[in-house]
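The structure under discussion appears below in the form of structure tokens.
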Amino acid sequence: MYIPQHFSESDIPRLQQYIRDYGFGLLIVADDTGIDANHVPFYLNCEHDSAVGRLHCHLARSNPVWQKLVNGGRVLAVFQGPDAYISPSWYPSKTENGRAVPTWNYLAVHAEGTARVIEDGDWLKQHVHQLTNQHESAMSKPWAVDDAPPDYIDRMVQAIVGIEITIEKLTGKLKASQNQPERNKAGVIAGLSAQHPMSKLIS
């Protein structure tokens, strides 16, 4: 990912929180047979000895991509946060010299690491509990895995395969008009606020 210095985000705890906030990511696996990309929810586990953390996800057993990772392999997980088109008309400087072009503001985090396949039933059950609890915590009446019949959950678990990625490189890009003068930033804030009242991509 190309990251100009003024858009670089290198604070590890902040990047970890972005992954938690925008955990539906893209798992990319490349080998001699080609490139596979799968959209899956991730759970970030920071309890191990890894300073950065480990990503946990699962794939359908019927999805052949996990077989590419049976013997390990490097993978890339991509997470994308809010994004928005930025109009030059929002820049006060445009009216003075016309030197402005459209751009796009966005948040992206890339996690590279080594993957391993996990088929252990206990690990998979713990994984689905953690993933479910993370997303159900905001619900007024949270659903729990244990709310479903045990034999049903057992069948569901048998139909998936776990993937654990030890993060070896974590990079982030937050493009939020940092390279613009303050008056243009204010224009972006006003423009985004008018179009997207809840936008998180304002300076």
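Worth a mention:
- Taken about its Cα centre, the chain carries a charge dipole of about 960 debye when Lys and Arg each add +1 at the Cβ and Asp and Glu each add -1 at the Cβ.
- Highest-first packing order for the peptide set 55-61, 180-186, 123-129 is 55-61, 123-129, 180-186, based on the mean count of other beta carbon atoms within 10 Å.
- Once the chain from residue 28 to residue 5 is taken as fully extended at 0.36 nm per residue, the excess over their C-alpha distance is 5.7 nm.
- Computed over the chain: relative contact order in percent, which uses C-alpha pairs under 8 Å that are six or more apart: 27
- Selection from 109, 75, 88, by position along the positive dipole direction of region 59-133 (Cβ): 88
- Cβ-Cβ FRET estimate between residue 93 and residue 154, R0 fixed at 45 Å, reported to 0.05: 0.10
None of the figures in this text is laboratory data; all of them are computed from the coordinates on show. Keep in mind that what you see is a predicted model, and the values were worked out from it rather than measured. All Cβ positions, glycine included, derive from the backbone under ideal geometry; neighbour counts span all protein chains shown.
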